[in-house]
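Student: First the structure, which I've put down as structure tokens, then a few questions once you've had a look.
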Amino acid sequence: QVQLVESGGGLVQAGGSLRLSCAASGRTFYSYVMGWFRQAPGKEREFVATIDWTGDNTNYGDSVKGRFTISRVNTKNMVYLEMNSLKPEDTAVYYCAAARRWGTRSHWEYDYWGQGTQVTISS
């Protein structure tokens, strides 16, 4: 089992950058695929990015590809989401999540979730 706590959200102007962090508890962090999802009011939860157990493989949602970068440091039990060239449509609550299986974009496949951190981009 793993507990996840996100941080780093805030209010940023369009074109700016933010770095989200996700701190994981537990000794088996390295055994989880990690992902970031987001959910805007009235919309479904959207896949943002995922990274495999070692960090060698990543995958991004089409709307963030080329602007966002996911990374992890297993020795620190941390996952990060570097967000650049932010747009108002990136406004959402961002969630960190953990899964056992690689290769899925479905939030149903993720077993553990953080409480979320709000990201607001002003135009």
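Student: Take peptides 61-70, 32-41 and line them up by average Cβ neighbours within 10 Å, highest first, as a rough protection proxy.
Tutor: Highest mean packing first, the order is 32-41, 61-70.
Student: Please give the contour-minus-distance gain from residue 1 to residue 75: 0.36 nm per residue of separation, less the Cα-Cα distance, rounded to one decimal in nm.
Tutor: Roughly 24.9 nm would be gained on extension.
Student: Could you rank the peptides 20-26, 10-16 by their average count of other C-beta atoms within 10 Å per residue, with the highest value first? Numbers along the way, then the final one.
Tutor: On the way: 20-26: 18.7, 10-16: 13.0.
So the order, starting with the most tightly packed, is 20-26, 10-16.
Student: Over segment 11-123, give the accessible area per residue in Å² for a 1.4 Å probe, as an integer.
Tutor: Normalised by residue count, the accessible surface of segment 11-123 is 51 Å².
Student: Equivalent ellipsoid semi-axes for segment 5-123, as square roots of 5 times the alpha carbon gyration tensor eigenvalues: give them largest first, rounded to whole Å.
Tutor: In descending order, the three semi-axes are 22, 14, 13 Å.
Student: For the pair residue 67 and residue 25, what calculated FRET efficiency results from E = 1/(1 + (r/R0)^6), where r is the Cβ-Cβ distance and R0 = 41 Å, to the nearest 0.05?
Tutor: Numbers: r = 29 Å, r/R0 = 0.72.
The value I calculate is 0.90.
Student: Take the alpha carbon atoms of segment 60-80, find their center, do the same for segment 1-46, and report the distance between the two centers in whole angstrom.
Tutor: Answer, in whole Å: 9.
Student: Round to a whole number: what % of the accessible area of the chain belongs to carbon and sulfur, probe 1.4 Å?
Tutor: After summing per-atom areas, the C and S share lands at 47 percent.
The values are calculated or read from the model by the stated rules, or taken from the named source; none is laboratory data. Being a predicted model, the structure only gives us computed values, none of them experimental. Note that each Cβ is placed from the backbone with ideal geometry, even for glycine, and that neighbours are counted across all protein chains shown. Each accessible area value is taken on the protein alone, full model and side chains, heavy atoms only, with ligands, DNA and RNA left out. Shrake-Rupley method; radii C 1.70, N 1.55, O 1.52, S 1.80 Å.
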